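Colleague: Okay, here's the structure, questions in a sec.
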Amino acid sequence: MKQYNNIEYHMKTIVTAFLFLAGNILCNAQKSDKIERKQLFDYNWKFYQGDTAAAKSKNFNDVGWRSLDLPHDWSIEGKINPKNPAGGSGGYLPAGIGWYRKTFKVPNEWRGKKVSIYFEGVYMNSEVFINGKSLGIYPYGYSSFSYDLSSYLNFNNENVIAVRVDNSQQLNSRWYSGSGIYRHVWMMVTDAVHIANWGVSITTRDVAPKKATVQIKTLIKNETGLPQSVVVSTRLQDANAKDAGNNQISVEVGPNSEKEICQSIIVVTPRLWTPEIPYLYDAKTQVVQNKKVVDGTKTNFGIRSIKFTAENGFQLNGKTIKMNGGCMHHDNGCLGAAAFDRAEERKVELLKEAGFNAVRTSHNPPSEAFLNACDRLGLLVVDEAFDCWRSGKNKYDYAQYFDHWWKRDLDAMVLRDRNHPSIIMWSIGNEIVERGSPEAVETAKMLADAVKKIDTTRPVTSAIVEDGKAWATLDPLMAAHDVGGYNYHLGSAPSDHQRVPSRIIMQTESYPKDAFANWKLVENNNYVIGDFVWTAVDYLGESGIGRWYYSNEIPGEHWEHDLFPWHGAYCGDVDLIGWRKPISHYRSMLYNNTEKLYLAVREPNPEPLEIKNTWWSVWPTWESWTWPEYAGKDIQVEVYSKYPKVRLYLNNKLIGEKPTTDGQEYKAEFTVAYAPGLLKAVGVENDKEVESTILRTSGEAAKIQLTADRKEIIANGQDLSYVTIELMDKDGMFQPNAANRLNFTIAGPGTIAGVANADMKDTDSYVGNTRKAWHGQALVVIRSTQGVGDIKLTVSSSGLSGAVLNIKSLRKK
């Protein structure tokens, strides 16, 4: 058995004030010797899919291996096949074992420094070698971890980092995990006296319009054999780089020890962090010795207060907030698990555009890039640690590591993430198998206590689902948490409140179809602080959840059958390529005031067959009035509206008027005999037509339209542009039924990183140069190289006019 040795993690008792803030450590402060503290180590790796024990050796010949840059997920590159051992849980994509190697030289300036390698995430069972020496094994694929390289580096010759990644034991996940070094890797270079990794903690207290107190705790490590006297200086800056306060303190740190320094700075007239205005400050912390800066970090943070009570619910900066939340797995669709910064940022953008103000990172800690985007764009986060504790859900899942690793992994999550203002709650588990046992209560207390030894500013929850017994039998487990997390059980909240009036309730998972009922419970009860739908966005794996099917197909839920070619989940409000389904507009209308009228059409039953729903599905509904095979037949039209009444017109003829409020759940449904033309819904208020929206019949697909989310990207080998492909008729109208085969070519300093449509039954590869459209749409993701210039994407299809799109790849300004 390999020893789990030399893993650098820190657990320090940090009692913080109830209010909080701050973001991710971006360690790039200038030091006097000009050595970057945190250096990206993603480029110029070698990769081999398979197992060869000799690859750990420094002198191993990897010349025939594939060259690539990180982040990387080898599973998404494979073929979707029902014989792959990950099965429907893993999206029928391959897993297995892979090796990564990187050869590098160490600059002379690093002599005498402390050098470590920091992995943001490797899935899973990674073993890291430096020049043939094993540094340790890290099982959990979602934790960040580091190893000290200092004593193993060769300054006179080349060095080799080798990483063996073992995702061969299946099943180990209930959803698509991906395989490989799928997040960033960094080299960390410091003096022997330095700020510890994850060693800065920032909280706030006494937050008021005129001032707020910012408390900075910094863990200083002295890795020398002598005591060291240093000055710790912290300067706060606002978003315009103007000084917001500073503090410095002198301290002596004993030999081969560490010491926590506490500083307080009053910020006058603070700008508070909110989802609407996510204002961020910087804390620049420096360690000075003999008038020389020996270490420095920059930490983004936000000033905000949080409070949770049954009487007033969740209060942010003194204002009650109801959470319209979505659960979200970590994959990036056609990119698999690869956590490119832009892909992680785009997920947050999609959630915000869909009207969500909160996300639950089910069921594992997310990437740092995702949390940075939540801070920057304003999205509340429930940060979740585990899908299971001691009792597993699959043979090879985290349960086999829990007893040995839970503390390291939980500490890693809280220490790494505690400075993000977006995070307002920690979750310690999801639908724990042993939830009905006394042992589960003790485990929950153990985990909650461990969280609070590091962070006392946020409550602890977990997602609890019924276990076949009376719901009240789970009261002792609920009591071990600060917030009761309900999976699919919010209907019991009123009676639970009568029984346990102090309980703060949050629905941690819900069925999409129950949007209105859940919204009413959230709105009408102070002690219910929010609802998190399963899910916000479609994802790979857990194949068939959220599907609808026809009456001649295999019936039932996703866990009852092998449903190949279904290889993903269709229960999201947003589909795999970023299109908002009608349910997304409806949910957002309930919680927000950004849209008041929406029009969609229910897919007709294809007689003699019938459409059947499953637990997590809603009826397939489309923004389409193009149903040529249903001419003269009745079709159901749905109008969602915040106006008291709506009218529906077909080709300027009034079909009818219906109320949407007063018990109508903000919906009206009309039966319309299909005829091509113009379908129009109108919002009516005080008998006046106030707003309208239309659907228009389209002709046959004739041409291709390309729309890039970004026309300029950075030439860093990692930046992305998402190009949406829409098929249009000759008059430029979108053709929602088109399913043409599309072919892609690219020229210039870019590559095609992924291709997709939203059809979870289409088994074409996500990596390639061709894809079929589905409901008239497809997606191409372009990745920059290190080169600058124009990237030219050409999309063609037999019988259609092609399209060309140019994207500029630029040096970072």
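Colleague: Pull out a ≥ b ≥ c, the square roots of the eigenvalues of the alpha-carbon gyration tensor of the range 424-568, then state rounded if a/c is under 1.5, prolate if not and a/b is larger than b/c, and oblate in the remaining case.
Modeller: Prolate, since a/c reaches 1.5 and a/b exceeds b/c.
Colleague: Another question, if that's okay. What do you get for trypsin sites (Lys or Arg not before Pro) in the range 192-233 restricted to DSSP loop and a cutoff of at most 14 other Cβ within 10 Å of the site's Cβ?
Modeller: Here the trypsin sites (Lys or Arg not before Pro) that fit, given the DSSP loop and packing criteria, are Lys210.
Colleague: I'd like the distance separating the alpha-carbon centroids of the range 402-434 and the range 481-539, in whole Å.
Modeller: 22
Colleague: Return the carbon/sulfur percentage of the accessible area of the range 174-307, one whole number, probe 1.4 Å, all protein chains in place.
Modeller: 48
Colleague: Same structure again: Return the carbon/sulfur percentage of the accessible area of the range 590-708, one whole number, probe 1.4 Å, all protein chains in place.
Modeller: Answer for the range 590-708 is 44 percent, counting heavy atoms of protein chains only.
Colleague: In Å², and per residue, what accessible area does the range 606-676 have when probed at 1.4 Å with the other protein chains present?
Modeller: 51
Colleague: Here's a follow-up. Assigning unit charges at the beta carbon (Lys, Arg +1; Asp, Glu -1) and nothing else, what dipole magnitude in debye, to the nearest 20, does the chain show about its Cα centre?
Modeller: For this selection, approximately 2460 debye.
Colleague: Skip the ligands, DNA and RNA, and give the accessible area per residue of the range 400-535 with a 1.4 Å probe, whole Å².
Modeller: Per residue, the range 400-535 has an accessible area of 31 Å².
Colleague: Relative to the present Cα-Cα distance, how much length would full extension add between Lys79 and Ile35 at 0.36 nm per residue of separation?
Modeller: 11.5 nm
Colleague: Oh, and also: Determine the dipole magnitude for the range 120-195: charges of +1 sit on the beta-carbon of Lys and Arg, -1 on that of Asp and Glu, nothing else is charged, the reference point is the Cα centre, and the result goes in debye to the nearest 20.
Modeller: Details: 4 positive and 6 negative charges, 54 e Å.
Around 260 debye, computed over the range 120-195.
Colleague: Let me ask something additional. Charges at C-beta only: +1 for Lys and Arg, -1 for Asp and Glu. How large is the resulting dipole of the range 185-257 about its Cα centre, in Debye rounded to 20?
Modeller: Working: 7 positive and 6 negative charges, 69 e Å.
Using Cβ point charges on Lys, Arg, Asp and Glu, the range 185-257 gives about 340 debye.
Colleague: Find the accessible area per residue for the range 753-813; the probe is 1.4 Å, ligands and nucleic acids are left out, and the unit is Å².
Modeller: Here the per-residue accessible area is 42 Å².
Colleague: Looking at the range 102-185, which trypsin sites (Lys or Arg not before Pro) are in a loop (DSSP not H, G, I, E or B) and have at most 15 other Cβ atoms within 10 Å? Working shown, then result.
Modeller: Numbers: sites: Lys102, Lys105, Arg111, Lys113, Lys114, Lys133, Arg164, Arg174, Arg183; in loops: Lys105, Arg111, Lys113, Arg174, Arg183.
Passing sites in the range 102-185 are Lys105, Arg111.
Colleague: Expressed as a whole percentage, what fraction of the accessible surface of the range 308-450 belongs to carbon and sulfur atoms when a 1.4 Å probe is rolled over the protein heavy atoms? Write down the numbers at each step before the final one.
Modeller: Details: 1700 of 3570 Å².
Ligands and nucleic acids excluded, carbon and sulfur reach 48 percent.
Colleague: From the helices alone, meaning DSSP H stretches of at least four residues, give me the mean residue ellipticity at 222 nm for the chain, per-run term -39500 (n - 2.57), in deg cm²/dmol to the nearest 500.
Modeller: -3500 deg cm²/dmol
Colleague: Rounded, prolate or oblate, given the Cα gyration tensor of the range 564-677, with a/c below 1.5 counting as rounded?
Modeller: oblate
Colleague: Let me ask something additional. From the residues Trp566, Asn605, Ile577, which one has its Cα farthest along the dipole of the range 556-610 in the positive direction, the dipole being from +1 and -1 charges on Cβ of Lys/Arg and Asp/Glu about the Cα centre?
Modeller: Ile577
The values are calculated or read from the model by the stated rules, or taken from the named source; none is laboratory data. Bear in mind that the values here come from a model prediction, so they are computed numbers and not experimental data. All Cβ positions, even for glycine, are placed from backbone atoms using ideal geometry, and neighbour counts span all protein chains on display. For accessibility, only protein heavy atoms count, side chains too; no ligands or nucleic acids. Shrake-Rupley method; radii C 1.70, N 1.55, O 1.52, S 1.80 Å.
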